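J.: Have a look at the structure that comes next, please.
What follows draws every value from the coordinates through simple rules; no lab data is involved. No experiment lies behind these values; they were computed from the predicted model shown. Note that we place each Cβ from the backbone using ideal geometry, even for glycine, and neighbour counts take in every protein chain shown.
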Amino acid sequence: MGHPNVPLSHKYTLPHRDRCRSSQLQPYTPNENLNNALGAIRVLGVELIADELKPHLNTVMTSIKEKKKGAAEQVVISGVLPILALSLRSRGPLRLPTAKLVAELARESVVRKGFGDAGLVTALLSVLTTTDQELLLHAALAISRMSYDSPKQQELLLRRGAVPRLVVILLRFPDQEALEEACLQALCNLSGMAVSEEAGMVWERGSSVRPGESVFHGVSPHTCGFASSVTLVRVCQWGPGQYAVNIEVFQRCSSSFWTLHGNKRTARWFPFSSLGSCSNFYKGIKFSTRNVPRTKSLRTRMFHTFL
């Protein structure tokens, strides 16, 4: 079956390439390959035929990865996001390439804003119930990126039970480093701490003093050679399918800092102080897959849980 060139409603009229260049002024040059791929996904996506859709998904992925001008905007106005949500809910071979694409699209703020209305939030959460580790990795990355510095997305994901699902994955696959890091970063971003992948945070397991508790330390590189931030994540199970997650951030100063200030002591840890709002640095999440509170704001619920 061939693929028709399906023009999108936003596509500019291009009577001829040469005439277009000389007579028509455009804000950017539309990517023809991307336009055709998006049109094919929109028309053929409902059928979810893997052999026909995979090449088009790959074309969209390439355009987004290469940061082609206007590519993110083309994806938004093409109307394919609900099709991607449908593909994520399917059990077929399209699920993994779709999850990879959605994780990449989640990097773009203009795209991830529409994830909720397109049904991608619930679709991603449904993926978190699978046992496919590669699929789980890309779903966790998508959740982490879409909740980065976005209170609206954080609120939606928390209400839909993202935390218990992420914790279950975190505890089920202790030897999968990449998956563990993706889940920890997602939990931090859901708490509003805005941990970017570019920060280069390195995670490691710590020792716990309570039964049923798991502790993780995330260390970011030193700033100017003097200080680094340390994120402490504690996960406790307090009932079947119910978990408490406490997240704290500390500042660690190197020995160079103390030497510079005439103090020969070794590096020490201390909490941030004199911060305008501690809510950006001390967070607690305590949610279950049922009885999730719906009346209080995200910030209020976190304070009540932690305090």
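J.: Once Rh is set to the Kirkwood radius over Cα pairs, what Stokes-Einstein translational diffusion coefficient, in µm²/s, holds for the range 142-197 at a temperature of 4 °C and a viscosity of 1.567 mPa s?
T.: 117
J.: Okay, moving on. Starting from the Cα of Asp175, step 7 Å along the direction of its Cβ; do the same at Ala199; then give the gap between the two resulting points in nm.
T.: 3.0
J.: Can you sort Ser229, Ser191, Ser196 by how many other beta carbons sit within 10 Å, fewest first?
T.: So the residues, fewest neighbours to most, are Ser196, Ser229, Ser191.
J.: Residues of the range 165-184 with the amide nitrogen closer than 14 Å to a label point 7 Å from the Cα of Thr129, along Cα-to-Cβ, please.
T.: 165-166
J.: Now for a separate question. Which of Thr129, Thr231, Thr98 has the fewest other C-beta atoms within 10 Å, and how do the rest follow up to the most?
T.: Final ranking by Cβ density, sparse to dense: Thr129, Thr231, Thr98.
J.: Taking Lys65 as the anchor, which aspartates and glutamates have their alpha carbon closer than 15 Å to its alpha carbon, excluding any fewer than eight residues away along the same chain?
T.: Straight-line reach from Lys65, under 15 Å: Glu73, Glu104, Glu108.
J.: Related question: Where does each of Leu124, Leu34, Leu44 land when they are ranked from fewest to most other beta-carbon atoms within 10 angstrom?
T.: The order, fewest Cβ neighbours first, is Leu44, Leu34, Leu124.
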